[in-house]
Amino acid sequence: MPKIVKVDENGVAAELGFEVGDEILGFDGHPYEDVLDYVFYDGAENFTINARTKDGELVDCEVEKLADEPIGVEFDDEGQLVPIHCRNKCIFCFVDQLPKGMRDTLYVKDDDYRLSFVSGNYVTLTNVFDKEIERILRLHLSPLYISVHCFDKKRKVEMIANPEGAKLFEKMKILAAHGIIMHTQIVLCKGVNDGEILEETLRELAAMRPQVASVAIVPVGLTGHREGLKKLDQIDKETARTVIAQVEAFDKKEGGSFCYCSDEFYLKADLPLPSFESYGDFSQIENGVGLVRAFGQEVDESLKGLEICDKKAEIAFITGQSFKGELAKCLEKVHKYFPDCTFRIVDIYNDFFGRSITVAGLITATDIIAQAKDMPAYTVIPSTMLREFTHTFLDGISVEELENKLNTKIIISAGGADLVRAAKEATGQCR
């Protein structure tokens, strides 16, 4: 159980006499499992804290407070979130397609409903049973992000190699009945969960609206490291166009803003992306749905009111194969305000994972070093190339190391606005 290491003198715990060294055993008779328990009750008004004092005495403290009034304690590391590992063997699992010899942490597969709530991770719920469902409902862990893939039970079990997957929609219906909002995704595998199976899956998800708030359909990603894995086909142009037509027709029938194909589908299909407005609140942007439109919108907003800059500079923009065309369109707009600047797109082929992987987010520093030559003073990379909350690429090379290898200053771009920021930085005084 977590021990208290600090008590806020202005918090509720101090008023109740809690001290450093006391242990929190639970709340309202429910045992303390992790920090989510504390976060929930920290925002509650009436509850009981079950505790053990540092002298070993068991106490139950009744709490009455305002919802925004903090309990006011800090714990040691006990009770922090330790990811729950995945129990599936999905035929499309990206971790199983990683090359050998990378950091051990990259081969860890989590499937944790708590991280779904906290960080938006997609989970299958195959390791969520009655106890976990009760906790989700009690703490109202909403929204959750659910990997669905298909409704057909037999096909679902084939896809994830776990019989528990057949029970997904039963669990989702319980969550929906109690007001838990769910955003869902379908990893589409050609000849596996497309066609009629996809149509059925969309129908079943739509039946749970509004609790099922959105559906993202994303193409399966296949690396060049699939030795011993089930043979799957790439999503080709014809298949992408078929899926887009099917999903758009279903969404129109549902009134719009429900199911979306990811940007990658449109790039594979060589079709125009939907309008900015069609993406609603961009609830699936982390799944690559509407990311290109949002990027372009940021560029447009950042250019409003900008004065023409006549200073010279050369800037390189590193991206993957799939985004280079859209990036070129955005840079054409920026170039109008920086006419004496030279913008160079460096589109990297993914030799690390295999050339079928074309998204910028899976480009490694290894491939950049091998392919990017004679770089200018400034180079822009998208933040999606880096591990979350770090300045490290998937192959373990840091941004600083890459700067030294290429002899360039790297500007990390988190969106379209950073294209304009990079031009400003490269040209010095421009506003």
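Worth pointing out:
- Phi angles across the stretch 155-165 convert, under the Karplus curve 6.51 cos²θ - 1.76 cosθ + 1.60 with θ = phi - 60°, into 3J(HN,Hα) values of 5, 4, 5, 5, 6, 10, 6, 8, x, 5, x Hz, Gly and Pro given as x.
- Cβ-derived FRET efficiency at R0 51 Å, Arg241 paired with Glu134, nearest 0.05: 0.70
- The stretch 305-392: C-alpha gyration tensor shape, a/c 1.5 cut-off, then a/b vs b/c: prolate
- Amide H contacts for Val212 (H built 1.01 Å from N in the peptide plane; partners 5 or more residues away or on another chain; cut-off under 5 Å): Met182.
- Here the Karplus relation 6.51 cos²θ - 1.76 cosθ + 1.60, evaluated at θ = phi - 60°, turns the backbone of the stretch 195-204 into coupling constants of x, 5, 5, 5, 4, 4, 4, 5, 4, 5 Hz, with x for every Gly and Pro.
- Cα-centre dipole for the stretch 95-288 with unit charges at Cβ (Lys and Arg positive, Asp and Glu negative), debye to 20: 440
- Amide hydrogen neighbours beyond the local backbone of Thr342, cut-off 5 Å, H modeled: Ala313, Glu314, Ile315
- In loop segments of the stretch 173-275 as defined by DSSP, there are no chymotrypsin sites (Phe, Trp or Tyr not before Pro) with at most 16 further C-beta atoms inside 10 Å of their C-beta.
- Inter-part distance, the stretch 230-250 to the stretch 151-185, computed on C-alpha centroids, equals 22 Å.
- The DSSP beta bridges internal to the chain are antiparallel in roughly 40% of cases.
- Cross-link pairs Lys312/Lys373; Lys100/Lys268; Lys131/Lys156; Lys3/Lys89; Lys312/Lys405 - those with Cα-Cα distance over 30 Å: Lys3/Lys89
- Sequence ranges 10-20, 374-384, ranked by mean other-Cβ count within 10 angstrom, highest first: 374-384, 10-20
- Under-5 Å amide H pairs with Cys259, H placed in peptide plane, nonlocal only: Val215
Readers should treat all values here as calculations from the given coordinates under stated rules, not as data from a laboratory. The model shown is predicted, which means the values in this text are computed figures rather than measured ones. When we count neighbours, we look across all protein chains shown, and the Cβ atoms used for this are built from the backbone with ideal geometry, even at glycine.
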